[in-house]
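Asks: Quick one: this structure, given as structure tokens, is what I'll be asking you about.
The values are calculated or read from the model by the stated rules, or taken from the named source; none is laboratory data. Since we're looking at a predicted model, the values are computed, not measured. Note: ideal-geometry Cβ built from the backbone for every residue, glycine included; neighbour counts use all protein chains shown. SASA here: full protein model, heavy atoms, side chains in, ligands and nucleic acids out. Shrake-Rupley method; radii C 1.70, N 1.55, O 1.52, S 1.80 Å.
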Amino acid sequence: MKKILDLITEEMQAAFEAAGYAKELGRVTLSNRPDLCEYQCNGAMAGAKQYHKAPIMIANEVAAHCADSRVFSQVTSVAPGFLNCIVRPEFVADYVRQMKESDKFGLEMPEKSEKIIIDYGGPNVAKPLHVGHLRSAVIGESVKRIARFCGNEVIGDIHLGDWGLQMGLVITELQERQPDLVYFDPDYAGEYPKEAPFTVSELEEIYPTASGKSKEDPTYKEKAMQATFKLQSGVPGYRALWQHIINVSVADLKKNYERLHVDFDLWNGESSVHDEIPQMVQEMKDGGYAHESEGALVVDVKEETDTKEIPPCMILKSDGASLYNTTDLATIRMRMREEKPDRIIYVVDKRQELYFTQVFRCARKTGLVNEDTRLQFLGFGTMNGKDGKPFKTRQGGVMRLESLLNEIEEEMYAKICESGSMEGDLARETAEQVALSAVKYGDLSNQASKDYIFDIERFTSFEGDTGPYLLYTIVRMKSILNKYKEQGGNPDSVTLSAPVSQSEKELMMELAKFNAMMQAANEETAPHKVCAYLYDLANALNHFYHETKILTEQDAEKQASWIALLVITRDVMETCIDLLGFSAPERM
Ligand code: ARG
């Protein structure tokens, strides 16, 4: 479907033409004086110079040509030459009716769909998830769902951190504790045990211990680096132990992501490209791109137009070990070979921006990607506490994602039980659902690149610009629709008529912005646009609800039309929250 603003503009352009003026002048925008009109056009002002005429004269003539428009019910020319427009109630209703009947509410699909890989989540194996990983998961999941909804083929890849020093640290600490494990016996030739020699909670304790020790004790750190090297060079016992770490850790990660309603198509990691690195390095050398610098192998990536220093991209350290860069580059190489994406989006902390500039330039320069492959960095800001500093536990430690979710669920559970609307398992389940909306909406309603303050109290409130407020609004509609059914009505077979009140018309006009908003959210990879739309829509719905006695209305046709309006509003809102990665309960 065409965007409603385009339809309105076309009508205005026709009036300009009919009055003898260039149609380009007829661009209509949303009114910035909603107290006076719904839309406005400033074309007469722009035309004054071109036609050597007073703008008000042009405006008067154009307004006269709008007199029996099927779009405008009123177009007024006001000094010095503005055109203030009000659209016909039937026109808006007609548009919303078409939305209701169309697939995806009339959102147009692209002529050529893109194949996109989204690299998000990025947790590190053996380390517990912390709130820093929350943003990547929440934003990435939403960007993925929006891009898919808008007609693209999208693959989500978690890109596990599973190949670095943290693996060596865990292995070293295990060796300290259980030196007799077969994994450390170089002469062992049998099969390795199926069971991991540790549990997930042990694993979570082992990593911080090892990391702490390595900071204090250089020999310990040296051991860990050795272990990392042995692992990467394929020592069987180390590989077997590493596989246990991955298995135990990934099982736990899956549980956590499931709880967040985040799911990945690919569970690749840094390790997945290990075997590809030597050949990539060789190609970079053969192509004349990589050269030695202070023993390390680097690719220069600075450009003449740079205003700040962009250091070379390091491919191999002087001891021949690969780095974070190397695995990211090799991952691009693998993705181009296996998936041939048109675009790769990285949803990563914005503090890694310079790093990605280096990686992208290197990939382009060395021909890992095609000329028209887009590499996009979607950097997000820090999640801060109320004190404006990075979010911490009450004791000042790093907040684990699990604890954070638990805390919010508890808060929600208490609220729901207090309201007395439900109890027991149902209250639990509902609390989980509402808590997720609080966390995700609290994050997504901000522009991703900005830092934001994680304010549990505000996020869990049922009023204001929050997830729970949206769910509350949806539940309100569901409850009216259920009651309508109980009264013998059928919400699926009602027709929308022209609005009879201003609040009803305004609700329809908010709905009608859907396709323009969705397209912008997709093009700008901006879930916050979906949030802003939802909030406006919820406000319009509640305004309409407070002014309209829907269930006691005697005029059946009028009532049916209102029910139809609730049905589409509910459907649009539920579609949008699904794109943000959460859902609404039946009651709350
Ligand atoms: N594991 C990394 C971290 O915790 C994030 C990975 C981001 N993605 C990437 N392709 N480098 O910081």
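Asks: Between the DSSP loop rule and a limit of at most 16 other Cβ atoms within 10 Å, which chymotrypsin sites (Phe, Trp or Tyr not before Pro) in segment 133-212 are left?
Replies: Filter output for segment 133-212: Tyr188.
Asks: Relative to the longest principal axis of the chain, what angle (0 to 90°, nearest 10) does the C-alpha long axis of helix 467-486 take?
Replies: 50 degrees
Asks: What percentage of all Cα-Cα pairs in segment 267-310 are separated by more than 11 Å?
Replies: 73 percent
Asks: Also: Given H placed 1.01 Å from N in the peptide plane, which residues other than close sequence neighbours of Ile118 have an amide H under 5 Å from its amide H?
Replies: Answer set, sorted by chain and number: Ile155, Gly156, Asp157, Ile345.
Asks: Now a separate question. Given 0.36 nm per residue, what is the gain on full extension from Asp451 to Glu553 after removing their alpha carbon distance, in nm?
Replies: Stretched fully, the Asp451-Glu553 segment lengthens by 32.0 nm.
Asks: Give the relative contact order (percent, whole number) for segment 128-227; include only Cα pairs under 8 Å separated by 6+ residues.
Replies: RCO, segment 128-227: 33 percent.
Asks: Give me the net charge of Met225's neighbourhood, meaning all other residues with Cβ under 14 Å from the Cβ of Met225; Lys, Arg count +1, Asp, Glu -1.
Replies: Summing Lys and Arg as +1 and Asp and Glu as -1 gives +2.
Asks: State the percentage of accessible surface on the chain attributable to carbon and sulfur atoms; use a 1.4 Å probe and exclude ligands, DNA and RNA.
Replies: Here it works out to 48 percent.
Asks: Report the calculated FRET efficiency for Arg88 and Tyr324 (r = Cβ-Cβ distance, R0 = 56 Å), to the nearest 0.05.
Replies: 0.40
Asks: Let me ask something else about it. Per residue and in Å³, how big is the convex hull formed by the alpha-carbon atoms of the chain?
Replies: Given the Cα convex hull of the chain, per-residue volume reads 210 Å³.
Asks: Oh, and also: Relative to the longest principal Cα axis of the chain, at what angle does helix 556-580 sit, 0 to 90 degrees, rounded to 10?
Replies: 20 degrees
Asks: Using the beta-carbon distance between Lys392 and Glu108 and R0 = 35 Å, what value does 1/(1 + (r/R0)^6) give for FRET efficiency, to the nearest 0.05?
Replies: Efficiency at R0 = 35 Å is approximately 0.15.
Asks: Separate question: How much accessible area per residue does the chain have, in Å², with a 1.4 Å probe?
Replies: Ligands and nucleic acids excluded, the figure is 47 Å² per residue.
Asks: Taking the Cβ-Cβ separation of Lys285 and Asp342 as r and a Förster radius of 35 Å, what is the calculated FRET efficiency to the nearest 0.05?
Replies: 0.75
Asks: Here's something else I'd like to know. Taking all pairs of different Cα atoms in segment 273-421, averaging 1/r and flipping that mean, what Kirkwood radius in angstroms comes out?
Replies: 18.5 Å
Asks: Unpartnered cysteines of the chain (Cβ-Cβ under 4.7 Å counts as a partner)?
Replies: Cysteines lacking a close Cβ partner in the chain: Cys37, Cys41, Cys66, Cys85, Cys150, Cys417, Cys531, Cys576.
Asks: Would you calculate, for the chain, the mean residue ellipticity at 222 nm contributed by helices, counting each DSSP H stretch of 4 or more residues as -39,500 (n - 2.57) and dividing by all residues, to the nearest 500?
Replies: -17000 deg cm²/dmol
Asks: Gap in Å between the Cα centre of segment 300-368 and the Cα centre of segment 204-241?
Replies: Between the Cα centre of segment 204-241 and that of segment 300-368, the gap is 26 Å.
Asks: Could you give each residue of segment 54-66 its phi-based ³J(HN,Hα) in whole Hz, using Karplus coefficients 6.51, -1.76, 1.60 with θ = phi - 60°, and x for Gly or Pro?
Replies: 5, x, 5, 5, 4, 4, 4, 5, 5, 4, 4, 6, 8
Asks: Amide H of Lys392 versus every other amide H placed in the peptide plane: which residues, excluding those fewer than 5 positions away on the same chain, fall under 5 Å?
Replies: Distant-sequence amide H within range of Lys392: Gly385.
Asks: Still on this structure, please answer the following. Roughly how tilted is helix 401-419, in degrees to the nearest 10 and between 0 and 90, from the longest Cα axis of the chain?
Replies: 40 degrees
Asks: Cα centroid distance between segment 434-510 and segment 81-158, in Å?
Replies: Taking the Cα centre of segment 81-158 as reference, the centre of segment 434-510 is 17 Å away.
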